[in-house]
Amino acid sequence: MYSRRHASDRRFSFGTGKVGALAGFASAVGLAVVALLVFGESAQRLATPVSIRFDEAIAVACLGLAVNVACALLLRDAHPEAHGAAAHAHDHHHDHNLRGAYLHVLADALTSLLAIAGLTAGKWLGWTWMDPAMGLVGSLVIARWSFGLLRDTSRVLLDAELSQERFAEIERAIEADADNRVTDLHVWRVGPQHLAAIVSLVTHEPREPEHYRGLLCQQRDLAHVTIEVQRCPDGAELGA
């Protein structure tokens with residue numbers, strides 16, 4: 001919503017495409033806090049057991065699981081790629097905001113599921129330690145999801161997402177034409193499916209910037225391209 005509302009705001013030099021990544025980063029921090037709190041509470045209950053009203057606790061956990069599974073299915077249907085995000089999918093076109101929301105719901109569902117397992121074991125087998133033990137397991141899984149989301153969103157926010165192969169691909173597209181040599185190249189993400197690029201090149205026979213943009217027409221996700229062309233002095237050789 002915020003991203004669409006401010007899409008034409010000139011204060012955002014390259015648009016509001018990173019708002020989703022910022023929201024995803026905030027969600028990842030929230031998940032990390034939740035994992036830490038669950039871990040601390042579970043460890044305390046392992047050290048100092050408390051009495052549990054198993055029937056009521058199991059009923060509440062089942063209700064929470066049903067609600068969170070329904071929410072997770074709705075989010076997955078809204079964005080099918082979200083399902084892969086929880087399983088360490090590394091698709092660079094993710095909506096990180098939606099992915100963060102999906103992981104929050106999934107974390108709640110996992111916590112409810114583990115609670116049901118631990119409470120059931122405690123009620124029927126007398127293993128009262130299982131409930132806090134399942135809490136520890138859940139906190140570690142949630143922490144792992146949080147780390148993955150933090151890693152992916154921070155790469156977008158710090159413009160460190162693209163691989164060296166992608167940079168080389170853009171360079172080859174420019175240098176395959178005439179005697180062009182790319183001297184400086186910056187590429188970064190400005191939206192879930194859009195990149196921006198600044199390309200500096202030297203050549204003996206400079207042409208209009210539109211010619212060089214045309215060389216990149218196969219790079220369909222390049223939405224904003226700035227071209228700087230420098231003439232190589234007569235008699236000078238272009239570097240390799």
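Looking only at region 75-87, count every residue that is at pLDDT 50 or above and under 23 Å from ARG144 (Cα atoms) and tell me the total.
3
Answer with yes or no whether GLU41 is exposed (fewer than 13 other Cβ atoms within 10 Å of the Cβ) and either hydrophobic (A, V, I, L, M, F, W, C) or part of a helix (DSSP H, G or I) (or both).
It is false that GLU41 is exposed (fewer than 13 other Cβ atoms within 10 Å of the Cβ) and either hydrophobic (A, V, I, L, M, F, W, C) or part of a helix (DSSP H, G or I) (or both).
When region 9-35 is examined, which residues are found to be of a type in the set (Ser, Thr, Tyr) and in a loop (DSSP other than H, G, I, E, B)?
Hits for region 9-35 are SER13, THR16.
Condition (residue is without any contact (Cβ under 8 Å) to a residue 12 or more places away in the chain and part of a loop (DSSP other than H, G, I, E, B)) applied to region 125-132: is it met by at least one residue?
Within region 125-132, one or more residues are without any contact (Cβ under 8 Å) to a residue 12 or more places away in the chain and part of a loop (DSSP other than H, G, I, E, B).
Considering each residue of region 140-184, count those that are without any contact (Cβ under 8 Å) to a residue 12 or more places away in the chain, assigned to a helix (DSSP H, G or I) and hydroxyl-bearing (Ser, Thr, Tyr), and give that number.
0
In region 176-198, which residues are exposed (fewer than 15 other Cβ atoms within 10 Å of the Cβ) and either assigned by TED's automatic domain parsing to the domain that holds PHE14 or under 18 Å from the mean Cα position of the chain (by Cα) (or both)?
Within region 176-198, GLN193 is the sole residue that qualifies.
Does ALA173 count as at pLDDT 90 or above and assigned by TED's automatic domain parsing to the domain that holds GLY24?
Considered against the rule, which asks whether it is at pLDDT 90 or above and assigned by TED's automatic domain parsing to the domain that holds GLY24, ALA173 comes out as no.
Applying the selection to region 45-58, what residues are part of a helix (DSSP H, G or I) and surrounded by fewer than 12 Cβ atoms within 10 Å (Cβ to Cβ)?
Residues satisfying the conditions are ALA47, ASP55, GLU56.
Can you name every residue in region 1-53 that is of a type in the set (A, V, I, L, M, F, W, C) and more than 30 Å from LEU119 (Cα to Cα)?
Within region 1-53, MET1, ALA7, PHE12, PHE14, VAL19, ALA21, LEU22, ALA23, PHE25, ALA26 meet the criteria.
So ILE142 clears everything in (1) modelled with pLDDT of 95 or more; (2) assigned by TED's automatic domain parsing to the domain that holds LYS18 except one condition, right? Which one?
With respect to (1) modelled with pLDDT of 95 or more; (2) assigned by TED's automatic domain parsing to the domain that holds LYS18, ILE142 is out only on (1).
The values are calculated or read from the model by the stated rules, or taken from the named source; none is laboratory data. Computed from a predicted model, the values in this text were never measured in an experiment. Please note: Cβ atoms are built from the backbone with ideal geometry, for glycine as well, and neighbour counts cover all protein chains shown.
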